Structure formats: C-alpha cells, structure tokens
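Here is the structure we will look at.
The values are calculated or read from the model by the stated rules, or taken from the named source; none is laboratory data. Because the structure is a prediction, the values reported are computed rather than measured. Here Cβ is always computed from backbone atoms with ideal geometry, including for glycine, and neighbour counts include all displayed protein chains.
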Amino acid sequence: MNSELLIQAAKLIRKARYAVAFTGAGISVASGIPPFRGENGLWNTTDPIFLDIEFFNRKPLQSWLKIKEIFYDKLRNVEPNIAHEVLAKMEERSFLESVITQNIDHLHQKAGNHKVFELHGTYKHLVCTKCMSEYDMSFADLNYLPPTCLVCRGILKPDIVFFNEPIPAYAERHSFEEAAKADVMLIIGTHRTLALYTYRYRYLSGDDRLRSNDRNWRVVVFVKEETKTLVVRFKYQVSRLKRQVGKKYSTLNIILGSFTF
C-alpha cells in the first residue's frame with residue numbers, strides 16, 4: 001500500500017469517534033476461501049441455482065450435497081488470516097466499534113471480534129424449514145443428507161441467506177444503525193458499498209441524530225488493486241445520491257488503498 005495513504009488512513013482511524021468495518025469475501029481469500037465472483041470465483045465452477053431457496057425447497061438433497069462440498073467441507077478447517085486478526089486487535093484496543101460482514105465463515109468471531117453483524121447469516125447454525133427450530137451445526141451428521149429436525153423431522157437448512165431470501169431483519173437493522181453512527185467506515189474486500197446506501201439512509205430517515213456525523217464522515221476503501229475507476233464510480237454514485245435526496249451534502253472523503261494485509 002502507498003505509505004502516504006496508509007498514514008492518512010491510520011490518522012482517520014485514530015481520530016475516529018466511531019469506526020465501523022464492512023467486509024466482503026475478499027477479506028477471507030487469504031484464509032483459503034475463494035470469492036464468489038472474479039477470476040477464481042466460486043460461480044465459475046458452481047451453478048448458483050443450488051443456493052436458490054426455491055430449488056432448495058424442491059430438491060434439498062441436491063442442494064445439500066453441493067452446500068456440503070463448497071462450504072462445510074472447507075469452512076470447518078479454515079483459520080482467520082492477518083486481516084481478521086488486525087480488526088480483532090483494533091476492537092480490543094477500542095479503535096473499532098463493530099464489523100458488518102457479508103461473509104458466512106464466522107472468521108471475524110474466531111479471530112476475536114465480538115460485535116459482528118452477519119448480513120448473509122452464518123454456516124455455524126442450522127434452522128428447520130418446517131418448525132423453525134434452530135441448531136448448532138455440530139448437531140448434524142453431514143454424512144447423512146439432508147439433515148432433519150429432532151422436533152418435527154423437517155429439513156434443516158443452513159442459516160445463510162439463499163438467493164430469493166431477504167437479509168435477516170435483525171442484521172439489516174443493526175448494520176444500518178452501526179453505519180449511521182460511524183464517522184469512519186472501513187470497506188474491506190468488497191465492491192458492494194453499503195456505506196453509500198447508509199449515506200442516503202441518513203437523509204431519507206429524517207432523523208437529525210443520524211446526520212450529526214456527516215461533516216466528519218470518512219470512508220477508507222481497501223481493494224485488491226488500486227484503481228481510479230473505483231474512485232470515479234464511488235464519487236459518481238455519491239453525487240447521484242445527492243441529486244436524488246435534494247439536500248446539501250458535506251464532502252465525502254475517500255481514501256483508496258490496495259488490500260495488502
């Protein structure tokens with residue numbers, strides 16, 4: 001990473017009143033978990049239909065066989081990498097308030113973060129599709145698929161967000177609340193800029209308490225490679241949101257650095 005950008009980012013984090021991290025699949029690649037998209041993405045070799053909730057409900061065995069192959073056979077043995085460990089250390093030293101993640105791998109908690117909101121759920125839990133009973137993943141013997149509920153014998157489903165399922169209300173609500181309180185947002189390993197939606201949410205909410213940080217709101221973006229295109233797109237979308245909301249925005253400062261943990 002450019003040392004000047006690193007110093008800028010460090011200063012912002014050190015001065016932050018409320019720093020929040022938003023992470024995606026890129027942060028876990030160094031742990032041996034492939035991303036979903038891109039050159040070595042999971043969707044290059046796996047049909048996403050296996051993670052469609054309608055397909056799962058019709059053909060749970062076929063879905064479970066693929067889910068076990070791409071998730072459970074791998075995730076049980078992976079360990080956090082230095083990026084997860086850095087965020088955990090930042091929380092321990094009070095430089096980071098919380099982590100919002102798209103990942104289902106539970107590596108933030110394994111590294112030591114305590115306040116983690118999982119937008120797409122976690123592979124660590126199972127839920128019955130019939131009676132909604134919940135189980136720890138250790139309950140199921142995945143040598144016998146699909147696993148079934150002890151209470152009603154219904155099919156158990158990984159507690160992750162499938163295609164055509166909504167984001168869990170609890171995770172969504174608290175993630176937006178955390179992002180709205182943040183004066184520094186770290187975006188790591190993803191191009192899905194939740195921060196932009198939060199920026200719009202501040203104004204559409206009509207709650208002045210959510211706008212109080214705006215003059216000091218900063219975004220630090222860590223991506224695999226430095227790219228001017230990302231900055232241009234980021235700034236364009238912010239400008240577009242300004243026009244949509246029709247209110248005067250303070251400047252959104254963006255630091256872009258390569259993701260080199």
Inset, instruction - Determine, yes or no, whether GLY38 is touching a residue at least 12 places away in the same chain (Cβ under 8 Å) and not aromatic (Phe, Trp, Tyr). - result: no
Inset, instruction - Just give me the residues in the range 69-119 being farther than 21 Å from ALA180 by Cα and assigned to a loop (DSSP other than H, G, I, E, B), in sequence order. - result: ARG76, ASN77, VAL78, GLU79, PRO80, ASN81, ARG93, ILE104, ASP105, HIS106, GLY112
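To keep it simple, each residue is scored yes or no on (1) on the phi < 0 side of the Ramachandran plot; (2) surrounded by fewer than 18 Cβ atoms within 10 Å (Cβ to Cβ); (3) within 18 Å of the chain's Cα centre (by Cα); (4) without any contact (Cβ under 8 Å) to a residue 24 or more places away in the chain.
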position	(1), (2), (3), (4)
GLU91	yes, no, yes, no
GLU97	yes, no, yes, no
GLY112	no, yes, yes, no
GLU118	yes, no, yes, no
THR122	yes, no, yes, no
LEU126	yes, no, no, no
GLU134	yes, yes, no, no
LEU150	yes, yes, no, yes
Legend entry - Positions within the range 134-192 being farther than 24 Å from VAL29 by Cβ and small (Gly, Ala, Ser), in sequence order: SER138, ALA140, GLY154, ALA169, ALA180, ALA182
Inset, instruction - Go over the candidates ALA182, ALA111 one by one and state the one that is closer than 24 Å to ILE13 by Cα, out of contact with any Pro (no Cβ under 8 Å at 6 or more places or on another chain) and not assigned by TED's automatic domain parsing to the domain that holds TRP43. - result: ALA182
